[in-house]
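The block underneath contains the structure these notes are about, expressed in structure tokens.
The values are calculated or read from the model by the stated rules, or taken from the named source; none is laboratory data. Quick caveat: nothing in here was measured; it's all calculated off a predicted structure. Glycine also receives a Cβ, built like all others from the backbone with ideal geometry; neighbour counts cover every protein chain displayed. In case anyone asks, the SASA skips ligands and DNA or RNA and just uses the protein heavy atoms, side chains included. Shrake-Rupley method; radii C 1.70, N 1.55, O 1.52, S 1.80 Å.
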Amino acid sequence: MEIAAIKEKLSIDQVLRHYGISIGKNNHINCPFHEDKTPSMRVYQETGTVYCFSGNCKTHGKSLDAIDFIMKKEACTKHEALVKAKAFLGYVKPTKASDSLSLTKVFKSFQNGLEQTKKAKTYAKTRGLEHGQIGYNSGQLHHRKSEDFIQSLVKLSLLTITKNSRRVWAKGCLVFPLLDTSGKVVSLYGRKIEGGGHYYLSGRSGLYPSYLAAATEKVILTESIIDAATLLQLPKIVENYHVLALYGTNGLTTEHQNHLKSLKNLKEVVLMLDGDEAGRAASKKHQDALKILLPTVNIRIVELPENTDINELWVNHLSEELFLELLKIPESIKTVKAASNVLNIDNPNNILYVGKYATYAIKGGIKSKHLDCLKITLVTANEHGRKYRAKVDLYEDTGVNKYLKAASEKLGLRDDLLDLDIALLTDHLEQYREENTLSLSTEKEKTFSISGVEKSAALQFLKAANLLEKLNQKIGKSGIVGEENNRLLLLIVASSYKQENPLHALIQGSSGSGKTLLLRKIMHFLPDPIRHIWTRITDKSLYHAGSKYKHHAIAVEDWDGISEDTQYVIR
């Protein structure tokens, strides 16, 4: 692509949007090249240039076009700026037919590699990825005799050859294809299956899972490719939305923006990024940018539970309905139709309350039934939809005052007025908890029994030769893939609840590795009346339990932070 063609196609507006710069009144912006409290740089749309009128600016006296602006902003050479500009336009360097074919063949070989590699297939299943465009790079591609094939790998940046070694791109990774407008594979993304880490092919271009159809009306933007791949497994999501992956929190590229802008029937874009501080900040930044880019499109944010992502939610819950419910959540708590000073308990895991001075949401509901504390995850929002989130025990004045102070500073509301709201909210939550606890206590105790025929069959199974091997096969049929030793060990531990000195086990692993899924599957082998699966417990939750849980099986999903005294009580 020639320089003249780049300048013709790349507008100064596109470049400014890429760097998060919004054009203000009279086409003025704050100059990014010096400290500029009052906008001193003007944008000239007709010439595609900017000019800073401040004598303190190093660019003063010179008009900057799109290429010049990139050079100054990136502190790079003109050649590097041109490469960057081409990327903004989604330009893909034309390749020879053999190179294009080689890249396609490479991905097909990765797909075959996934089918032939047990540990890769197991990892994909533990991440909930059962089908779709996925491959596995075992690192064996270059073990061929053809020098032409090896050189094509080098040209495509899949293999780096030095004097003493050969380095394979994304070895030991699940691989996903990025496609261009014609549906061809133009780049790749790799996700490490052991030890974490991810890789993009050099000169990344293309979109995942693909460019969307022109008739697309609703799009979900995810933070990562593996999150997008997760949603693509869910039929009801795919039926109602198209899915497009960003490339990280800063991965809303010019290629994404140009494509979204080209969708003339687009009505809604949903940002569904990770439920952490970085994800929330990126969601707000992208929402602001997309509102400028797509002024007639509804741009909304769906917030995930604290410190979770789409794939982790799916692996831990295996519930498509959970995502459908999340997608129904409005952009602002304020838009929820609820009477003031009344709890909205339509969703027990997202209790809503409209106070006199702010609106509130109790994320995850009320877990503890013990009356000596009232710990919740509280989200407070002002009339503009700005939110403050934190965990707080409403029975601890020190913690409540700390929450009020932080919320007041962030939301621009008086802390004494927020205090009045939260005092009333506390009363409502107390009443709600008492009523909920009472209804639970009046339920008939669940019983478990088996027939004589079932008992006979069970005894016969227990007397069979190779019992552990056969038991492990039964566990595998429940859906637990791999983990043969761990799953059998955990079932033995869980089954020891009848013993005078029962066993206990601690499961450790990285986030998203399937710990919760494994734990829950094993626990569901036990009869319901004695099975207890708790997300988390407080230090005093079992203090007065006495022998209530004797000969019961207990699973605590989040063990971190539990004091030694509480651990002693459980044991």
Worksheet item: Which condition does Asn26 not pass, out of (1) out of contact with any Pro (no Cβ under 9 Å at 6 or more places or on another chain); (2) surrounded by fewer than 13 Cβ atoms within 10 Å (Cβ to Cβ), if it passes all the others?
Response: (1)
Worksheet item: Does at least one position in the stretch 553-562 carry a residue that is surrounded by 15 or more Cβ atoms within 10 Å (Cβ to Cβ), over 30 Å from Leu129 (Cα atoms) and at pLDDT 85 or above?
Response: yes
Worksheet item: Which residue out of Lys363, Lys375 is touching a Pro at 6+ places or on another chain (Cβ under 7 Å) and surrounded by 17 or more Cβ atoms within 10 Å (Cβ to Cβ)?
Response: Lys363
Worksheet, complete the sentence: Val354 meets each of (1) out of contact with any Gly (no Cβ under 9 Å at 6 or more places or on another chain); (2) of a type outside the set (Asp, Glu); (3) buried (at least 17 other Cβ atoms within 10 Å of the Cβ); (4) in contact (Cβ under 8 Å) with a residue 24 or more places away in the chain with one exception, condition (4)
Discussion item. I need a count of the residues in the stretch 270-293 that are open to solvent by less than 10 Å² (accessible area, probe 1.4 Å) and without any contact (Cβ under 8 Å) to a residue 40 or more places away in the chain.
Written reply: 4
Item to complete: Just need a number here: residues in the stretch 198-210 that are open to solvent by 30 Å² or more (accessible area, probe 1.4 Å) and either under 21 Å from the mean Cα position of the chain (by Cα) or among the small types (Gly, Ala, Ser) (or both).
Response: 7
Worksheet item: Quick one: His242 ticks every box in (1) at pLDDT 95 or above; (2) open to solvent by less than 50 Å² (accessible area, probe 1.4 Å) bar one, so which box is it?
Response: (2)
Item to complete: Scan the stretch 181-229 residue by residue and report those that are under 23 Å from Gly275 (Cα atoms), hydroxyl-bearing (Ser, Thr, Tyr) and not in a strand (DSSP E or B).
Response: Tyr208, Ser224
Discussion item. Let me confirm something: among Ile492, Ile507, Ile533, Ile475, which residue is β-branched (Val, Ile, Thr), farther than 30 Å from Asn347 by Cα and at pLDDT below 85?
Written reply: Ile475
Item to complete: Quickly run through the stretch 38-53 and pick out the residues that are surrounded by 16 or more Cβ atoms within 10 Å (Cβ to Cβ) and either out of contact with any Lys or Arg (no Cβ under 9 Å at 6 or more places or on another chain) or farther than 28 Å from Ser283 by Cα (or both).
Response: Ser40, Met41, Arg42, Val43, Gly48, Thr49, Val50, Tyr51, Cys52
Worksheet item: In the stretch 486-528, what residues are over 23 Å from Ile310 (Cα atoms) and among the β-branched types (Val, Ile, Thr)?
Response: Ile492, Val493, Ile522
Worksheet item: Just checking, how many residues over the stretch 12-23 are farther than 18 Å from Pro295 by Cα and surrounded by 14 or more Cβ atoms within 10 Å (Cβ to Cβ)?
Response: 2
Worksheet entry | Yes/no for Ile193 being closer than 25 Å to Thr308 by Cα, among the β-branched types (Val, Ile, Thr) and either without any contact (Cβ under 8 Å) to a residue 12 or more places away in the chain or open to solvent by 20 Å² or more (accessible area, probe 1.4 Å) (or both) | yes
Item to complete: Just need a number here: residues in the stretch 478-493 that are open to solvent by 30 Å² or more (accessible area, probe 1.4 Å) and closer than 18 Å to Lys119 by Cα.
Response: 6
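Okay, residues lined up against (1) within 14 Å of Ala358 (Cα to Cα); (2) modelled with pLDDT under 90; (3) open to solvent by 30 Å² or more (accessible area, probe 1.4 Å):
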position: Val379; (1), (2), (3): yes, no, no
position: Glu383; (1), (2), (3): yes, yes, yes
position: Lys391; (1), (2), (3): no, no, yes
position: Tyr395; (1), (2), (3): no, yes, yes
position: Lys405; (1), (2), (3): no, no, yes
position: Lys410; (1), (2), (3): yes, yes, yes
position: Arg414; (1), (2), (3): yes, yes, yes
position: Leu420; (1), (2), (3): yes, yes, yes
position: Leu425; (1), (2), (3): yes, no, no
Discussion item. Can you tell me how many residues within the stretch 287-327 are over 21 Å from Ile351 (Cβ atoms) and of a type in the set (A, V, I, L, M, F, W, C)?
Written reply: 11
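Look through Val336, Val297, Val315 and report the one residue that is buried (at least 16 other Cβ atoms within 10 Å of the Cβ) and modelled with pLDDT of 90 or more.
Testing whether each residue is buried (at least 16 other Cβ atoms within 10 Å of the Cβ) and modelled with pLDDT of 90 or more leaves just Val297.
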Worksheet entry | For Glu35: the one exception among (1) open to solvent by less than 60 Å² (accessible area, probe 1.4 Å); (2) part of a loop (DSSP other than H, G, I, E, B); (3) not hydrophobic (A, V, I, L, M, F, W, C) | (1)
Worksheet item: Within the stretch 339-366, restricting attention to residues that are more than 16 Å from Thr426 (Cβ to Cβ) and assigned to a loop (DSSP other than H, G, I, E, B), which residue is modelled with the lowest pLDDT?
Response: Ala339
